[in-house]
Amino acid sequence: MRVSFYGTDEEITRICERPILAALGPRHAQPILAFELSNVRVTTDPYQTMFRLVADLSEAREGRA
């Protein structure tokens with residue numbers, strides 16, 4: 001799935017530093033899901049105050065998480 005994150009330089013850098021992201025699931029489902037980012041691209045707005053990270057997000061394989 002393709003995802004976008006918007007944020008400051010510091011926030012986008014924090015996301016890029018982590019190859020695996022964790023998401024909390026619903027209460028009665030799997031509690032934590034691990035995802036990996038691939039094909040990452042970062043762009044800026046014309047005023048360079050906000051950044052946009054676009055990446056492919058896929059569920060991490062069990063051996064990597």
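At each listed q (0.14, 0.17 Å⁻¹), what is the log10 of I(q)/I(0) that the Debye formula gives for the chain modelled as equal alpha-carbon point scatterers?
The Debye formula, applied to the Cα set alone, gives -0.47, -0.64.
Treat every Asp and Glu Cβ in the range 1-59 as -1 and every Lys and Arg Cβ as +1, leave all other atoms uncharged, and give the resulting dipole magnitude about the Cα centre to the nearest 20 debye.
Magnitude of the dipole: close to 180 debye.
Measuring from label point to label point, each 7 Å out along Cα→Cβ, what is the residue 50 to residue 9 span in nm?
1.8 nm
Could you state how much accessible area residue 58 has, in square angstrom rounded to the nearest 10, with a 1.4 Å probe and all protein chains kept in place?
Number for this one is 60 Å².
Leaving out ligands, DNA and RNA but keeping every protein chain, what accessible area does residue 56 have, in Å² rounded to the nearest 10, with a 1.4 Å probe?
Roll a 1.4 Å probe over it and residue 56 shows about 40 Å².
The values are calculated or read from the model by the stated rules, or taken from the named source; none is laboratory data. These numbers come from a predicted model, not from an experiment. Methodologically, a virtual Cβ is constructed for each residue, glycine included, from the backbone with ideal geometry; neighbour enumeration extends over all protein chains shown. Ligands, DNA and RNA are stripped out before the accessible areas are found, and what is left, the full protein with its side chains, is counted by its heavy atoms. Shrake-Rupley method; radii C 1.70, N 1.55, O 1.52, S 1.80 Å.
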